[in-house]
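Readers should treat all values here as calculations from the given coordinates under stated rules, not as data from a laboratory. Predicted model, so just to flag it, every value in this text is computed and none were measured. Glycine also receives a Cβ, built like all others from the backbone with ideal geometry; neighbour counts cover every protein chain displayed.
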Amino acid sequence: MSADLIHALEQLEKEKGIDKEVLIEAIEAALISAYKRNFGSSQNVRVVIDRQSGDFKVYALKRVTVDPQDEHSDISIDNAKRINADFEEDDVAEIEVTPKKFGRIAAQTAKQVVVQRIREAERGIIFDEFSNKEGEIVTGIVQRIERKNVIIDLGKTEAVLAPTEQVPGEEYKFNDRIKTYIIEVKKTTKGPQIMVSRTHPGLIKRLFELEVPEIHEGIVELKSISREPGSRTKIAVYSRDDNVDPVGACVGQKGTRVQAIVDELRGEKIDIIKWSSNAKDYISSSLSPAKVVRVDANEEEKTAKVTVPDFQLSLAIGKEGQNARLAAKLTGWKIDIKSESQLRATIEQQLLNFDGGYVHEDNFEEDDLYKVKSEE
């Protein structure tokens, strides 16, 4: 040990931000264990490193007593006074016991402690950096696949894309550059573990923030997202500025903005609708690209009956009910969709059940049913 050690610790303090005093105290603690392990000593000892020269000394700690019982832990008061005349009974005397061949062991121990502390400090820095990024997007490179987990290189560390967070049908090839959404950062014995997602709705939000300046600046607000990863997404947007069209801002000139997001999501379709505080308008827009004829909403139960033209029924419902399902999730309403002919047939059947007989008009509306009831 020498002044070189102190100089090296000072450099580490500047470069890595690790307190020199913390490192020295850690080395001293490690040297105590090394001394006991290598010299078979059970006595209490203290190791002191000179903060200027880097030299170290090992001291045995012994209780000063008139009647010593254990030579490892006790020292007679007469022997203690030979070391220092000021010692009194029950004082603790420090007696230097530095072994001559302890230098090599000390150097190795110091190196191990420093390397370990540097590693811990770097892990701590990485954890702090990425724990502050939970809910953010990161770009990384696919490195490998382990037990169906995709390992992504983020530069300073790696992230894990678990099978449950992978988009069905997406392939992740070596060296692919992809954007992912950080869902959790955990501390482990091997360092921080960063869990990311390609399916989280937050990924959509962050991608739009990156591509649409109006969203990033707060002029356009993304009100709601409903997503079936790899297939289709619906988003509802609102503009705080009457002069800014929220849908147009998200689509971009010739569709460039939304197309960049679609490309990043590898072809996932995105419907952008205008959010409205009017439930009927909002529900009607949510079923885009289908056109809606009429919406009857029950505010208390959050249910809505929607009528669409006959030729638009399959479009409104979507393949395997996807469009209706996404619209319901987007708005938070339970939506029942019927075509005009289905609605007409339902009302005619209800009219037939009245004792008053059967009424038929080509162009009646559902409100006519209530008129007939009141007349009855």
message: If I build a Gaussian network model for the chain, linking alpha-carbon pairs within less than 10 angstrom, which residue out of 292, 306, 45 has the largest mean-square fluctuation?
response: 45
- prompt: For segment 194-234, what class follows from the C-alpha gyration tensor (a ≥ b ≥ c being the square roots of its eigenvalues): rounded when a/c is under 1.5, otherwise prolate if a/b is larger than b/c, else oblate?
  reply: oblate
- prompt: Can you put 299, 211 in order, fewest other beta carbons within 10 Å first?
  reply: 299, 211
message: Is the C-alpha gyration tensor of the chain telling us rounded, prolate or oblate? Criteria: a/c under 1.5 is rounded; beyond that, a/b larger than b/c is prolate, otherwise oblate.
response: prolate
query: Using the alpha-carbon atoms, what tilt in degrees (0 to 90, nearest 10) does helix 201-211 show relative to the longest principal axis of the chain?
result: 90
- prompt: Share of antiparallel DSSP beta bridges in the chain, in percent to the nearest 5?
  reply: 70
- request: Post the alpha-carbon centroid distance, segment 144-191 to segment 1-64, in whole angstrom.
  value: 41
query: At q = 0.16, 0.18, 0.21, 0.24 Å⁻¹, what is the log10 ratio I(q)/I(0) for segment 67-164, with the Debye formula run over Cα points and no solvent?
result: -0.88, -0.98, -1.06, -1.17
- prompt: What is the helix-to-structure angle for 340-352, meaning the angle in degrees between its Cα long axis and the longest Cα principal axis of the chain, kept from 0 to 90 and rounded to the nearest 10?
  reply: 60
- line: Given trypsin sites (Lys or Arg not before Pro), DSSP loops and at most 16 other Cβ atoms within 10 Å, the longest exposed-site-free stretch of the chain is 303-376
query: Once phi is turned into ³J(HN,Hα) by the Karplus curve 6.51 cos²θ - 1.76 cosθ + 1.60 with θ = phi - 60°, what whole-Hz value does each residue of segment 267-280 show in order, with x for glycine and proline?
result: x, 4, 6, 10, 9, 10, 10, 8, 6, 9, 6, 7, 4, 5
statement: Diffing segment 20-36: the Karplus 3J(HN,Hα) column from phi (6.51, -1.76, 1.60, θ = phi - 60°), in whole Hz with x for Gly and Pro, holds 4, 5, 5, 5, 4, 5, 5, 5, 4, 5, 5, 5, 4, 5, 5, 4, 5
- request: Return a whole-number percent for the relative contact order of the chain, with Cα pairs under 8 Å and 6 or more residues apart as the contact set.
  value: 8
message: What does the charge count around residue 250 come to, taking other residues whose C-beta lies under 13 Å from its C-beta (Lys +1, Arg +1, Asp -1, Glu -1)?
response: -1
- request: Calculate the all-directions average of the projected area of segment 140-197's alpha-carbon convex hull, and give it in nm².
  value: 3.9
message: Report for segment 225-332 the percent antiparallel among DSSP-assigned beta bridges with both residues inside it, nearest 5.
response: 60
query: Taking Cα atoms, how many degrees apart are the long axis of helix 322-331 and the longest axis of the chain, rounded to 10 and kept between 0 and 90?
result: 70
field: Projected area averaged over orientations for segment 1-126, convex hull of C-alpha atoms, nm²
entry: 8.9
